[in-house]
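Enquirer: Please read through the structure below; I'll follow up with questions.
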Amino acid sequence: GQVTGYTDATRGTQAFLWTPNSPHGATGSMVALDGAPSGFDYTAGTDINSLGQVVGAVGNRFAAQGQAFLWTPSSPNGTTGSMITLGGLPGGLEQSSANAINTHGQVVGVGVSDEFYDAAFLWTPTAPNGSTGSMVSLGSLPGINNSRAEDINSQGQVVGFSEGFNEDSTEEIVRAFVWTPLTPNGSAGGLV
């Protein structure tokens, strides 16, 4: 019954964690998810898993920069914890934003370049629900160069979409995809 999101505050957008007083209860309390690295002045939570790990994005409202984050509670479903940034995709996509996390702590989202090129990513922790790991690009569908990962299930299958323009740049093409790992929760797989 825990919830994450963000609220607009006078100091900028702030990610929060709301925890019910009893499992799945209707009353509870809200805490700010602090711990954004120096240089970032806003946070926004986008998803939470059954352990209470939260993902989202940290950024700087005065500069076009941002990073996906992972916040891990000190104890399962706790209200205190620590935040790390997941970095960017290898190859120059330094900006990122996380959209979803699964029960194993795998994170999906989108890496962004200054040239408005988007690439779906999968971040896999070194150990389940860990705070160190590696990020890979999931690629894009043939003939479309942008992709975004929107959700991930407990086996590591990812859904999202690719978008772009046809060859003469007159019509936008948007196609849904599913990415399936070669082994459950693996970081190599195929996009269809």
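Enquirer: In debye to the nearest 20, how big a dipole does the chain give about its Cα centre with +1 on each Lys and Arg Cβ and -1 on each Asp and Glu Cβ?
Expert: On the way: 4 positive and 15 negative charges, 152 e Å.
Roughly 740 debye, rounded to the nearest 20.
Enquirer: If every alpha-carbon in the stretch 1-90 counts as one equal scatterer, what log10 I(q)/I(0) does Debye give at q = 0.18, 0.21, 0.26 1/Å?
Expert: These q points yield log10 I(q)/I(0) values of -0.74, -0.96, -1.35.
Enquirer: Any idea which of 134, 121, 177 is furthest toward the positive side of the dipole for the chain, if Lys and Arg beta-carbons carry +1 and Asp and Glu beta-carbons -1?
Expert: 134
Enquirer: Hey, what did the chain get for relative contact order, percent, Cα under 8 Å, at least 6 apart?
Expert: Reported relative contact order: 12 percent.
Enquirer: Still on this structure, I have one more. Across 5 Å bins from the origin, how do the percents of Cα pairs in the chain run, short distances first?
Expert: So the P(r) values, bin by bin, are 1, 8, 16, 19, 19, 15, 11, 6, 3, 1, 0, 0.
Enquirer: A follow-up question, please. What does the charge count around residue 102 come to, taking other residues whose C-beta lies under 11 Å from its C-beta (Lys +1, Arg +1, Asp -1, Glu -1)?
Expert: That works out to -2.
Enquirer: Another question, if that's okay. Rolling a 1.4 Å sphere over the protein heavy atoms, what is the accessible area per residue of the chain, to the nearest Å²?
Expert: Computed with neighbouring chains in place, this is 50 Å² per residue.
The values are calculated or read from the model by the stated rules, or taken from the named source; none is laboratory data. Remember, it's a predicted structure, so these values are computed and weren't measured experimentally. Methodologically, a virtual Cβ is constructed for each residue, glycine included, from the backbone with ideal geometry; neighbour enumeration extends over all protein chains shown. For accessibility, only protein heavy atoms count, side chains too; no ligands or nucleic acids. Shrake-Rupley method; radii C 1.70, N 1.55, O 1.52, S 1.80 Å.
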